[in-house]
Amino acid sequence: MPTRPIKEGVEQHLVMKSKPKPKSNLQNEMNPVADLVQKTPKIAQNGSRPNLENHHHQPPRNRGRRRGRGGRKSPDQDTENGIVMRPNSNENDKMSDLNGSEMGFPSSSKSLSFAPRPGYGQNGTVCIVKANHFMAQLPDKDLNQYDVSILPEVTSRSLNRAIMAELVKRYRDSELGMRLPAYDGRKCLFTAGELPFVWKEFRIKLVDEDDGINSPKREREYKVVIRFAGRANLHHLGQFLAGKRADGPQEALQILDIVLRELSTKRYCPVGKSFFSPNIRKPQQLGEGLESWCGFYQSIRPTQMGLSLNIDMASAAFIEALPVIDFVAQLLGKDVLSRPLSDSDHVKIKKALRGVKVEVTHRGNVRRKYRVSGLTSQPTRELVFPVDDNANMKSVVEYFQEMYGFTIQLTHLPCLQVGNQRKANYLPMEACKIVEGQRYTKRLNEKQITALLKVTCQRPRDRENDIMQTVHQNSYNQDPYANEFGIKISEKLASVEARVLPAPWLKYHDNGKEKDCLPQVGQWNMMNKKVINGMTVNRWACINFSRSVKESIVRGFCNELAQMCQESGMEFNPDPVIPIYSAKPEHVEKALRHVYHISMNRLKGNELELLLIILPDNNGSLYGDIKRICETDLGLISQCCLTKYVFKISKQYLANVSLKINVKMGGRNTVLMDAISCRIPLVSDIPTIIFGADVTHPENGEDSSPSIAAVVASQDWPEVTKYAGLVCAQAHRQELIQDLYKTWQDPVRGTVSGGMIRDLLVSFRKATGQKPQRIIFYRDGVSEGQFYQVLLYELDAIRKACASLEPNYQPPVTFVVVQKRHHTRLFANNHRDRNTTDKSGNILPGTVVDTKICHPTEFDFYLCSHAGIQGTSRPAHYHVLWDENNFTADGIQSLTNNLCYTYARCTRSVSVVPPAYYAHLAAFRARFYVEPEVQENGSIVGQGRKGSRECGGVRPLPALKDNVKRVMFYC
């Protein structure tokens with residue numbers, strides 16, 4: 001049975017100088033062996049590098065279909081909008097003789113062009129898939145933009161929209177010349193064709209509808225000024241879609257996006273680029289006053305087939321429109337009507353309701369709305385306030401009785417505070433109801449996450465049907481805004497030619513009955529196989545933190561695990577160094593140190609190699625505490641196992657754990673057969689290092705915690721299977737990885753170079769005896785809007801790290817962004833054809849698409865490298881931003897797909913290329929290393945606070961022990 005994973009602005013002009021050094025730092029810091037530098041593509045003998053602006057790809061080796069060179073311009077073409085295109089040049093022009101002169105990046109990110117598509121892939125079995133992209137006809141009307149100013153200034157988008165809706169309703173037939181404009185809710189108004197004026201002022205009166213039928217209505221007046229700002233050039237957009245321009249006019253795409261969102265914004269609750277409604281599908285309870293709303297995502301995208309409207313289903317957590325008393329009862333999970341609140345109850349209510357909009361229910365038809373700012377510390381019966389300038393006081397209970405005839409029953413509960421602190425109003429909880437349509441943005445608990453996943457998990461056929469139903473319900477062809485702007489949307493899913501890449505052969509140890517393996521539909525198993533490099537575990541110990549597991553059960557589990565490790569090809573001593581030690585979870589640090597010291601005394605100086613740990617199924621922060629203490633303090637490699645798996649021992653689980661233990665000990669489970677036989681294009685020919693990088697950011701609400709960056713790099717060549725990793729903390733929500741390369745002043749050594757890239761290059765040299773002659777860099781977690789910044793900054797850091805090791809050391813770099821947070825889904829053309837789907841109904845692993853729905857000119861592709869388990873598979877989107885290695889489409893697609901079969905923790909191909917996957921795991925793990933801050937009174941502020949800014953900087957993470965750096969991301 002196959003095993004699955006276990007769940008446990010800186011745009012700068014950066015200049016790099018290459019100065020001759022008396023000695024090679026690369027040789028000094030790695031091994032004093034003979035220089036193994038080989039001539040690499042695109043490097044002159046003097047080590048100079050081509051300037052980025054003049055960078056030119058060699059003709060592609062892909063002999064398949066060809067496209068234009070992705071936006072290249074010949075020297076006689078004009079530059080438009082200040083965008084510099086790369087000129088064609090001959091080979092002599094490609095090498096600029098630097099000789100110590102400055103070699104740097106263009107001063108503007110817009111002068112950097114991404115890698116053009118080198119052609120289309122040909123490998124694999126051709127098939128047809130459907131994509132949730134709907135063709136959009138490019139309008140033939142001029143798109144005009146107008147600036148909008150509203151006085152008095154309004155910060156609410158919904159109020160802005162109400163003002164503009166009233167303006168259009170009143171003046172469309174007259175002052176607006178019959179135009180139906182689209183509005184972004186802030187400062188911009190768009191029209192198809194010009195308005196009859198260049199500048200005009202309007203006076204708009206809004207009546208507050210919340211004050212009831214029989215009450216005097218509040219009337220507010222606004223001054224609206226509309227001023228012509230400019231015209232979007234659709235000709236440029238047409239050229240871009242046709243592949244004749246490399247730069248997409250973003251303003252035109254944004255206008256079209258706003259136009260197609262206008263009607264949905266009025267119908268539904270907008271959240272980012274998605275729309276939600278309780279009427280699309282019945283909301284599902286998530287617990288504690290939350291419910292899930294169904295909705296859809298919508299975005300206009302430029303593709304090879306022209307404009308495309310990307311539609312996908314979405315779900316989100318919303319606060320249920322309950323009376324506040326009912327919400328509080330659900331939140332606390334007990335009857336709050338009969339007894340006072342504890343301090344913890346008070347804190348929980350305050351945290352849950354702060355910022356939530358409520359409406360009053362004690363005034364009949366008057367439904368005035370307020371936003372909750374806090375909770376009174378006193379119960380309602382004790383609250384009084386001044387009623388006049390003579391300091392005469394009145395209680396809240398008396399006021400509501402006299403003013404509204406409303407008797408407050410639950411006087412033992414606190415009141416909601418609304419308004420600001422200077423002028424706070426008190427509202428009794430029982431007089432308020434939560435306003436519908438408020439998205440819940442705080443962290444969900446595990447039960448809520450599980451409930452939400454059940455709602456979002458849809459089989460491919462069901463998801464496709466829902467998408468089609470959404471398109472029909474939205475009736476884009478009857479949308480007055482789409483018709484006004486001349487946009488027509490197809491109601492058919494895009495039919496796309498795809499290819500299913502073959503799975504790679506995997507090599508196992510020759511001592512096993514099966515020496516190699518060809519995965520079937522993205523999975524295989526360890527039956528009759530032994531890991532290719534099995535490690536030895538002689539010295540291990542076990543701690544049991546689970547009260548429900550007796551020592552005899554733990555002993556039996558450890559024996560079974562040791563036997564499975566031996567069957568898998570490891571040498572595993574069945575006897576622990578010390579008897580199994582039981583401890584309480586609250587004594588985690590004491591227990592870990594006790595076992596460590598007792599074991600070290602018993603071993604007389606030898607290191608404890610492995611610590612097995614039995615955890616309760618619900619263990620809170622225990623897991624993170626164990627990893628932090630073991631990996632940053634004691635230097636112990638640990639393997640945690642949940643109680644439920646100890647009681648119910650399965651071969652699949654034990655095989656999975658044995659694979660994890662082997663790689664944690666430094667072994668390799670399997671390698672690609674092509675790597676053994678040196679048949680991987682552009683990897684096997686010269687020493688190649690493959691990096692993965694990711695940055696994880698704090699959760700919403702953590703406004704001071706650091707972001708965590710992680711970089712891993714392959715440490716074996718030609719196998720490219722083993723990785724080492726480094727992590728660092730950096731500024732809150734900073735996406736650029738700050739510590740890729742850095743320098744600092746040492747009082748003795750002077751200027752010292754370091755950083756994660758440099759350290760991993762040194763590590764590669766120590767491990768292989770050779771220095772990398774080619775770099776492949778997979779960067780995870782970058783949105784399209786950050787492509788330029790990330791490439792400029794991080795590619796420069798890579799080059800500086802290389803140059804700091806040795807004069808003129810500049811191996812060619814391929815920089816690939818990996819994206820999973822996109823909304824493209826691929827469906828089988830025929831859901832009934834079992835030859836084109838896996839067991840879950842998803843497309844087959846290895847399905848790759850680089851036509852039609854991909855970028856018009858740039859080098860990108862979608863790859864579904866894994867078999868679906870449940871729900872609809874999401875293909876990974878790979879975008880090659882920079883390519884000095886001249887990969888063909890087949891080359892990078894096959895390499896990426898094959899690497900997905902080398903993930904060490906399970907016998908399945910994974911959905912994201914392993915170096916990027918490992919970097920994500922490492923960054924996630926490192927958040928455990930940030931200790932919670934403990935105040936003087938002993939209370940814990942929260943996870944991550946201690947790693948926040950200190951003295952203007954970011955407190956560094958605790959250093960990892962050397963024996964952990966290579967394995968911490970294997971979890």
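The values are calculated or read from the model by the stated rules, or taken from the named source; none is laboratory data. Everything numeric here is computed off the predicted structure, so don't read it as measured data. A quick note on method: Cβ atoms are made from the backbone with ideal geometry, for glycine too, and the neighbour counts reach across all protein chains shown. Accessible surface areas use protein heavy atoms only, side chains included; no ligands, DNA or RNA. Shrake-Rupley method; radii C 1.70, N 1.55, O 1.52, S 1.80 Å.
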- Query: What size of dipole, in debye to the nearest 20, comes out for segment 237-294 about its Cα centre when the only charges are +1 on Lys and Arg C-beta atoms and -1 on Asp and Glu C-beta atoms?
  - Reply: 220 debye
- Return one whole number: the accessible area per residue of segment 691-745 in Å², for a 1.4 Å probe. 31 Å²
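Quick check: with the 1.4 Å probe, what order do TYR917, TYR793 take by accessible area, largest first? All intermediate terms of the calculation are to be shown ahead of the outcome.
Numbers: TYR917 60, TYR793 40 Å².
Order by accessible area, largest first: TYR917, TYR793.
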- Query: Taking a probe of 1.4 angstrom, what is the accessible area of SER548 in Å², to the nearest 10?
  - Reply: 70 Å²
- Query: Assuming R0 = 22 Å, what is the FRET efficiency of ASP962 and THR536, from their Cβ-Cβ distance, to the nearest 0.05?
  - Reply: 0.70
- Message: Tell me the relative contact order for segment 306-370 as a rounded percent, counting alpha carbon contacts under 8 Å between residues six or more apart.
- Response: 16 percent
- Does segment 221-279 come out rounded, prolate or oblate by the C-alpha gyration tensor, with a ≥ b ≥ c the root eigenvalues, rounded set by a/c under 1.5 and, if not, prolate when a/b is larger than b/c and oblate if not? oblate
- Task: With only Lys, Arg, Asp and Glu charged, each at its Cβ (+1 for the first two, -1 for the last two), find how big the charge dipole of segment 196-324 is about the Cα centre; round to the nearest 20 debye.
- Result: 640 debye
- Message: Let's test the formula: R0 of 30 Å, r as the Cβ-Cβ distance of HIS697 and SER277. What FRET efficiency results, to the nearest 0.05?
- Response: 0.55
- Honestly segment 430-531 on the Cα gyration tensor test (a ≥ b ≥ c root eigenvalues; a/c under 1.5 rounded, otherwise a/b vs b/c for prolate or oblate) is just oblate
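Mind listing which trypsin sites (Lys or Arg not before Pro) in segment 791-836 are in a DSSP loop and have 12 or fewer other Cβ atoms within 10 Å?
Details: sites: ARG799, LYS800, LYS820, ARG821, ARG825, ARG832, ARG834; in loops: LYS820, ARG821, ARG825, ARG832, ARG834.
The qualifying sites are ARG821, ARG832, ARG834.
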- Query: By how many nm would the segment from ASP510 to GLU398 lengthen if fully extended, with 0.36 nm per residue of separation less the alpha-carbon distance?
  - Reply: 31.6 nm
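Set the bar at 29 Å for Cα to Cα. Now go through LYS442/LYS550; LYS244/LYS800; LYS130/LYS839; LYS800/LYS852 and name every pair that lies beyond it.
LYS442/LYS550; LYS244/LYS800; LYS800/LYS852, as the Cα separations exceed 29 Å there.
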- Task: Kindly report, to the nearest 10 Å², the accessible surface of LEU453 as traced by a 1.4 Å probe over protein heavy atoms only.
- Result: 90 Å²
- Output the pairs from LYS282/LYS357; LYS351/LYS590; LYS348/LYS433; LYS660/LYS742 with a Cα-Cα distance over 28 Å in this structure; if there are none, say none. LYS351/LYS590; LYS660/LYS742
- Note on the structure: Relative contact order in percent for segment 190-333 (Cα pairs under 8 Å, 6+ apart) equals 15 percent
- Item | segment 803-909, accessible surface, carbon-and-sulfur percent (1.4 angstrom probe) | 41 percent
- Cα centroids of segment 453-500 and segment 367-388: how far apart, whole angstrom? 48 Å
- If unit charges are put on Cβ atoms (+1 for Lys and Arg, -1 for Asp and Glu) and the dipole of segment 705-844 is taken about its Cα centre, the option from ALA797, ALA709, TYR809 lying farthest towards the positive end turns out to be ALA709
- For segment 665-806, calculate the relative contact order in percent as a whole number, restricting contacts to Cα pairs under 8 Å that are 6 or more residues apart. 26 percent
- Message: How much accessible area per residue does segment 284-431 have, counting only protein heavy atoms and a probe of 1.4 Å, in square angstrom?
- Response: 47 Å²
- Message: Checking the a/c ratio against 1.5 first, then a/b against b/c, what shape does the Cα gyration tensor give for segment 727-823?
- Response: oblate
- Query: How many angstrom lie between the C-alpha centres of segment 514-591 and segment 832-865?
  - Reply: 38 Å
